[in-house]
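Before any comments, here is the structure.
The values are calculated or read from the model by the stated rules, or taken from the named source; none is laboratory data. Just so we're clear, the structure is a prediction, and the values are computed from it rather than from any experiment. Glycine also receives a Cβ, built like all others from the backbone with ideal geometry; neighbour counts cover every protein chain displayed.
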Amino acid sequence: MIKVLFICLGNICRSPMAEFTLKHIVTQRGIAHQFEIASAATSTEEIWNGIGNPIYPPARKELEKHGIPYDENKRAVQLKKADYDYYDYLIGMDAMNIRDMERITGHRGGKISMLLSYTGSNAGISDPWYSGNFDETYRDVVKGCTAFLEFLHKEGKL
Ligand code: 4NP
């Protein structure tokens with residue numbers, strides 16, 4: 001089982017988009033049984049009294065536009081230190097996520113990476129919460145997820 005945790009600031013836009021996009025791709029390829037995929041936030045911005053917000057409606061719309069199913073019951077949860085031991089890949093969206101992931105988990109490098117790094121880029125995925133550009137986020141997420149699967153294949157993990 002390859003355990004993947006996607007991470008962004010709020011866990012209502014980019015990381016759930018990556019979670020459900022990768023779930024969809026591996027389902028289509030018939031390899032979903034080889035994966036456990038989830039997502040989490042670095043912040044508590046979208047978590048109130050311990051209850052996380054659902055996926056942001058424009059992010060849902062973007063997934064729907066591309067025929068990607070998502071879980072209506074997904075709620076924002078915060079990354080915790082123990083997640084580092086449980087997951088094999090902790091994949092952040094931008095450089096700020098990476099710094100926060102390092103602070104929360106107490107680890108640097110190792111299982112921690114940035115999604116677009118699998119495409120050979122050191123760019124972050126811009127936050128649609130601020131940019132409003134969910135289409136651009138979706139395209140970057142697909143590029144990153146596809147490249148991540150290629151990476152796993154090259155590593156002999158698939
Ligand atoms: P995300 O976007 O990190 O892609 O989920 C954000 C959503 C909410 C906030 C920040 C970023 N916020 O500050 O509430």
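If you go through the range 74-91 and keep only what is in contact with a Leu (Cβ under 8 Å, 6 or more places away or on another chain), in a loop (DSSP other than H, G, I, E, B) and not aliphatic (A, V, I, L, M), you end up with just 87. Among the residues of the range 40-65 satisfying the criterion of being more than 9 Å from the ligand (Cβ to nearest atom) and of a type in the set (S, T, N, Q), which is surrounded by the most Cβ atoms within 10 Å (Cβ to Cβ)? That would be 44. Check the range 92-110 and report whether any residue there is closer than 17 Å to residue 11 by Cα, polar (S, T, N, Q), part of a helix (DSSP H, G or I) and within 13 Å of the ligand (Cβ to nearest atom). Looking through the range 92-110, at least one residue is closer than 17 Å to residue 11 by Cα, polar (S, T, N, Q), part of a helix (DSSP H, G or I) and within 13 Å of the ligand (Cβ to nearest atom). Taking the range 1-38 as the range and being within 14 Å of residue 59 (Cα to Cα) and within 10 Å of the ligand (Cβ to nearest atom) as the test, the residues that pass are 8, 10, 11, 12, 13, 14, 15, 16, 17, 18. Scanning the range 127-151 for residues that are at pLDDT 95 or above and of a type in the set (S, T, N, Q) yields 133, 137, 146. Criterion applied to 37, 12, 2, 68 was being surrounded by fewer than 18 Cβ atoms within 10 Å (Cβ to Cβ) and at negative phi, and the one residue passing it is 2.
Sub-9 Å Cβ pairs linking a first residue in the range 95-107 that is more than 12 Å from residue 80 (Cβ to Cβ) and modelled with pLDDT of 95 or more to a second residue that is more than 15 Å from the ligand (Cβ to nearest atom) and of a type in the set (Ser, Thr, Tyr), at least 6 apart or interchain, are 98/113; 107/84, ordered by first then second residue.
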